[in-house]
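Just below is one structure, and these are the notes that go with it.
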Amino acid sequence: MTMSVSMSVNGKTVSGNVEARTLLVQFLRENLGLTGTHVGCDTSQCGACVVHVDGISVKSCTLLAVQADGAKVTTIEGLAKSAEQLHPMQEAFRENHGLQCGFCTPGMVMSAIDLVKRHNYEVTEEIVRHGLEGNICRCTGYHNIVKAIVAGASAMKAAGV
Amino acid sequence: MYDFEYHKPKSVADAVAALKKASDGKFMAGGMTLIPTLKQRLAQPSDVIDLGAIGDLRGIKVDGNTVTIGAMTKHAEVAASAEVAKAIPALAKLAANIGDGQVRNRGTIGGSVANSDPAADYPAAVLALGATITTNERKIAADDFFKGLFETALKEGEIITSISFPTATKAAYMKFPNPASRYAMVGVFVAQTASGPRVAVTGAGACAFRVKEMEDALAKNWSPDAVAGVKVPADGLNGDIHGSPEYRAHLVTVMAKRAVAAAG
């Protein structure tokens, strides 16, 4: 079944024809060429595919593109203001060496931003570790990821984003 | 994933009508189980009927001693609800520990209960608190609802609209989560209800079940020691690569003890 979908992705209105079974992550990567959103496990566990749908973090490999029809989607590509100015959370990952191979990083950053906002910019190491249960880093680089998110929370608050 | 026809009805009546028209239709709530199942080609429905646009099915209402949660209310909403945390703190805590953050942002209480996954968390709360499941056709008592592995009292075309939980004077849920999936290897919900103590177990059997012996022991003496001596038989319990039936039987007693201690 082919259906037309239309949504806002990173502030731009996009539309396309998809099969009912097309996953949101496929639509983003294959139709829109936004390959920053990764597919790691494809079984809803690893979190590399996390994007925001109407401001809420979701696993885009476990959502149909048609379910996001009319929604406001933000991917990792939509965070930075410019090539020179990263989002404070991205900057915190860079500063704290919060990545090794980098494959899980887009999902980590997207989950982190939702988590920080949900906790009103006040996060502890414990909150971050619990909040990252849906994101897996196969380099096992969690320590610096957690450090980055705690630092990123303060930076987001200071920057008012 | 095999392709299907997709519908997004605005009302329960339209959803039921869409299912009746389909040759082999399936309702989808949050999709946190259905979509992974479709991706693995373990199901091939002709039509998927998305309940996500039916606004009437969402929301939380506390009325006296009853907490009523709309079927399409997400786990994250229950977890963050100050009203639920005040009325039945154990229920808010259970919701806060289902799956992971992103699953909680999509997964719904109605979907979880209708699916009756043997390792889902909500069924233990539904059964232990003696909740009432309201559908588009009738009200079903928790004790009559869970029938077996992915099997409930729901009939074809019947949709859960809300679930009403009576408050309890004491309640707690303890689970031993699978370290990878966060599903309950075993979870035990204990509650001191108006009709006495109730103990419900998830993860261990084909579906959530009560442990009468533990309830009797708690009626005499509400303390962790009261349940420490009660062992459930391993016969018929779930066994898989994560744990044998004997291991799960042992966990039931351990989690029950911890739950009673946490309930105070």
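Taking the DSSP beta bridges with both ends in the protein assembly as shown, the antiparallel portion is around 85 percent.
Protection proxy ranking, highest mean first, for peptides B:113-125, B:78-90: B:113-125, B:78-90, where packing is the per-residue count of other beta-carbon atoms within 10 Å, averaged.
Ligands, DNA and RNA excluded, the heavy atoms of residue A:101 present near 100 Å² of accessible surface to a 1.4 Å solvent probe.
Qualifying trypsin sites (Lys or Arg not before Pro) in the stretch B:154-247, where qualification requires a DSSP coil assignment and no more than 10 other C-beta atoms within 10 Å, comprise B:155. Couplings 3J(HN,Hα) for the stretch A:77-94, derived from phi with the Karplus relation 6.51 cos²θ - 1.76 cosθ + 1.60 (θ = phi - 60°), are 5, x, 7, 6, 5, 7, 5, 8, 10, 6, 5, x, 6, 5, 4, 5, 5, 5 Hz, where x marks Gly and Pro. The distance separating the Cα centre of the stretch B:154-172 from that of the stretch A:68-103 comes to 40 Å.
Less than 5 angstrom separates the built amide H of residue B:161 from those of B:134, B:135, B:136, all sequence-distant by 5 or more or on a different chain. For chain A, just say rounded, prolate or oblate: build the C-alpha gyration tensor, square-root its eigenvalues into a ≥ b ≥ c, call rounded for a/c under 1.5, and beyond that prolate if a/b exceeds b/c, oblate if not. Prolate. Largest GNM mean-square fluctuation among B:247, B:183, B:173, using chain B with Cα springs under 10 Å: B:247. Remark: mean inter-chain Cβ contacts per residue of B:44-54 equal 1, using a 10 Å Cβ-Cβ cutoff to other protein chain atoms. Taking every C-alpha pair closer than 8 Å and separated by at least 6 residues, the mean separation divided by the residue count of chain B gives a relative contact order of 15 percent. Around the amide H of residue B:171, modelled in the peptide plane, lie the amide H atoms of B:192, all under 5 Å away and 5 or more residues distant in sequence or on another chain.
Mean separation of Cα pairs under 8 Å and 6 or more residues apart, divided by the residue count, gives the stretch A:2-78 a relative contact order of 39 percent. Roughly how far apart, in whole Å, are the Cα centres of the stretch A:1-55 and the stretch B:25-59? Cα centroid to Cα centroid, the span is 18 Å. Shielding value for A:38-47 is 3, the average number of Cβ atoms from other chains within 10 Å of each residue's Cβ.
If only the Cβ of Lys and Arg carry +1 and only the Cβ of Asp and Glu carry -1, the dipole of the stretch B:150-239 around its Cα centre is close to 260 debye. Couplings 3J(HN,Hα) of the stretch B:4-15, computed from phi: 7, 8, 10, 10, 10, x, 9, 9, 4, 4, 5, 5 Hz, in residue order, whole Hz [Karplus 6.51 cos²θ - 1.76 cosθ + 1.60, θ = phi - 60°; x for Gly and Pro].
The listed residues B:195, A:57, A:8, once ranked by accessible area (1.4 Å probe) with the largest placed first, stand as B:195, A:8, A:57.
Enumerate the aspartates and glutamates that residue B:231 could reach by cross-link, defined here as Cα to Cα under 15 Å, with residues fewer than 8 away along the same chain left out. Straight-distance partners of residue B:231: B:213, B:215, B:216, B:246. Looking at the stretch B:178-264, the DSSP beta bridges with both ends there are about 100 percent antiparallel. When a/c is below 1.5 the answer is rounded, else prolate if a/b is larger than b/c, else oblate, so apply that to the stretch B:107-198 with a ≥ b ≥ c taken from the square roots of the Cα gyration tensor eigenvalues. It comes out oblate by the Cα gyration axes. Summing Cβ point charges (Lys, Arg +1; Asp, Glu -1) relative to the Cα centre of the protein assembly as shown gives a dipole of roughly 500 debye.
Our summary gives chain A a relative contact order of 24 percent, counting only alpha carbon pairs under 8 angstrom and 6 or more residues apart. Peptide A:55-63 is shielded by partner chain Cβ atoms: per residue, an average of 5 of them sit within 10 Å of its Cβ. Computed per residue of chain A from DSSP H runs no shorter than four, each worth -39500 (n - 2.57), the mean residue ellipticity at 222 nm is -9000 deg cm²/dmol.
Amide H contacts under 5 Å for residue B:5: B:47, B:48, restricted to partners 5 or more places along the chain or on a different chain, H placed in the peptide plane at 1.01 Å from N. Using θ = phi - 60° in the Karplus curve 6.51 cos²θ - 1.76 cosθ + 1.60, the 3J(HN,Hα) couplings for the stretch B:89-105 round to x, 5, 6, 5, 5, 4, 4, 6, 10, 7, x, 10, x, 6, 5, 5, 6 Hz; x is entered for Gly and Pro.
The values are calculated or read from the model by the stated rules, or taken from the named source; none is laboratory data. Only a predicted model underlies this, so the values are computations on that prediction, with no experimental measurement involved. Note that we place each Cβ from the backbone using ideal geometry, even for glycine, and neighbour counts take in every protein chain shown. Accessible surface is based on the protein model in full, side chains and every heavy atom, while ligands, DNA and RNA are left aside. Shrake-Rupley method; radii C 1.70, N 1.55, O 1.52, S 1.80 Å.
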